[in-house]
Amino acid sequence: MIAKDTAIVLLAAGKGTRMRSELAKVLHRAGGLPLVEHVVRACLPLKPAQLLVVVGNQAKEVSAVVTELGAQTVLQQPQRGTGHAMQVARRAIRRSAKLALVVPGDAPLLRTETLAALLDTHRRGEAAATILTAELDDPTEYGRVLRDSEGRVQAIVEEKAATPEQRAIREVNSSIYCFTLSKLWPCLNALRPENAHRELYLTDVIGLLRQRNERVLAYVAPDSREILGCNTRAALAYVDRIFRARKAAELMDSGVTIYLPETVVIDPEVTAGSDTLVEPGVQLLGKTRIGARCKIQTGSVLRDTRVDDDAVIGPHSILDSSRVGLKAEVGPFSRLRPGADIRAGARVGNFVEVKNAVLHEGAKALHLSYLGDASIGSKANIGAGTITCNYDGVAKHQTKIGNGVFIGSDTALVAPVRVGHGAYVAAGSTITENVPADALALARGRQVNKPGWAAARRKEIARASKAEPRKRGRKSSRPSKPRRRAKSKSRR
Ligand code: UD1
Ligand code: MG
């Protein structure tokens, strides 16, 4: 999309002091991705000759994110400001590059189209520099764009250095620029750290270019929100909200019903088929894929999970790296951990935890169970309170349950163990040996009935309580004795 003579330089070395965080600012997440990843993704479709990311704070972690996406990194150590970052980048910019598109790592709402328009303005205007600017209702914290009486850009002044009149200016610097490199380099060399932070500011280049009578243009962003820089947690939350709203709108446009969309959190890569319903308070995270006509009910959290058509995820279910088949039902209050595979028409109910286990077609586990490292045959019925004892303190073992098996309530299956097709396991059993197909397994203490025992016991109690009131009556007719003494006597 852009010519071979253009390098993109993404500035991502700063610490982000205003975040008050251990984590480098550009690694903070909004809309489900690290800030810097959003920016790289906006740059990629331009197909630049070079996509160079200046890293410094948490360089290793930031590099891991951006190199994965195909960017190249250059290390700025120590970080002495945005102008210094550009000086460092210079070393890595190819000689063939004529232009540089500079973008900060903390402006995640930036769109490719806007970058393309900025570049176009720069080329057509044959400028030395073109700044992407925006008109903000609240320009606090941003550098202000100073123009002369004819509207030509003169300089950028940072908030801290601005006079009260300059602070009233609402046109701000986005920190996104296009530079003609031959004009930029001499000005970069001329930068001086004469400011509140003792840093080299890239913004000062604008004034320097103008002093040399070079052409500086501004392209005003059509949507001012696009340039928002996330310097604080409040800005991060604001930007996150915009991303979430965009994603919810995109899904609704494609035929998904979302009630109270402002309460749902949906990551960018999530997909959902038409006529699927997403209830309030749902989170769909990572690479979750949902089919058509599904119901994802209130309070459920799905991460990297695939749900096939017509499935229902009941309220307050937590699913991680799992699969839910066609017309299967999960929840309310189910927990599917990695490797849970609930096949077509199978059902998992409340307070059932499934991990690394397949429930084949039509199998049911509806109440209070733990099924781990297991294969449950089709149409098998797992009674309430069934536990697969998969861990012996050292290793995990498999439980294999055949098709059509009936596991009675409160069964413990001590793995490794197999229950053959069509077998029954009596309630309350502790199964330690394989059960053959079609057998009944009973593994519990045999019941003993003692005829008349309860009636006799009741009689005894009645007799004792008749004796009691007499005792008490005698006591109450006498002058009262201190209770404690009486007690201690009786103990002796
Ligand atoms: C900067 C601009 C300001 C503009 C605002 C827009 C300067 C001096 N000011 O301020 O005019 O309105 O962006 O959001 O440029 N970085 C480095 N190395 C450094 C310092 C910073 O790579 O030594 C990176 C940061 O990681 C960040 C970007 O440069 O991604 C911008 O730095 P930041 O500290 O956020 O600048 P602002 O104060 O927001
Ligand atoms: Mg910033």
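Here, each number is a calculation from the coordinates, and none is a lab measurement. Keep in mind that what you see is a predicted model, and the values were worked out from it rather than measured. Neighbour counts run over all protein chains shown; Cβ positions are idealised from the backbone, glycine included.
When Met252, Met86 are ordered from fewest to most other Cβ atoms inside 10 Å of their Cβ, what list results?
Ranked by crowding around the Cβ, least crowded first: Met252, Met86.
Apply the Karplus curve 6.51 cos²θ - 1.76 cosθ + 1.60, θ = phi - 60°, to the phi angles in segment 369-386 and return the couplings in whole Hz, x for Gly and Pro.
Working through the residues one at a time gives 9, 10, 10, x, 6, 9, 10, 10, x, 5, 6, 5, 10, 9, x, 4, x, 6 Hz.
With N set to the number of residues, divide the alpha-carbon radius of gyration of segment 172-271 by 2.2 N^0.38 Å and report two decimals.
For segment 172-271, the normalised Cα radius of gyration comes out at 1.59.
For segment 161-177, in order, what is each residue's ³J(HN,Hα) by Karplus, 6.51 cos²θ - 1.76 cosθ + 1.60 with θ = phi - 60°, in whole Hz (x at glycine and Pro)?
Those phi angles translate into 8, 6, 7, x, 5, 5, 5, 6, 5, 9, 7, 10, 7, 8, 6, 10, 9 Hz.
Quick one: compute the contact order of the chain, relative version, from alpha carbon pairs under 8 angstrom and 6+ residues apart, as a percent.
Computed over the chain, the figure is 8 percent.
In percent, how large is the relative contact order of segment 6-227, given Cα pairs closer than 8 Å and 6 or more residues apart?
So the answer I get is 23 percent.
Restricting attention to the alpha-carbon atoms of the chain, what are Rg (one decimal) and Dmax (integer), both in Å?
Rg then Dmax for the chain, in Å: 34.9, 115.
Could the peptides 35-44, 185-194 be put in order, highest first, of the mean number of other beta-carbon atoms found within 10 Å of their residues?
Result, highest mean Cβ count within 10 Å first: 35-44, 185-194.
Calculate I(q)/I(0) for segment 246-441 by the Debye formula, one identical point scatterer on each C-alpha and no solvent, and give its log10 at q = 0.09 Å⁻¹ to two decimals.
The computed values of log10 I(q)/I(0) come out as -0.34.
Using per-residue counts of other Cβ atoms within 10 Å, averaged over each peptide, order 443-449, 292-298, 65-71 from highest down.
Per-residue Cβ counts within 10 Å, averaged per peptide and sorted highest first, yield 292-298, 65-71, 443-449.
Can you list the equivalent-ellipsoid semi-axes of segment 6-227, largest first and in whole Å, using the square root of 5 times each Cα gyration tensor eigenvalue?
24, 20, 18
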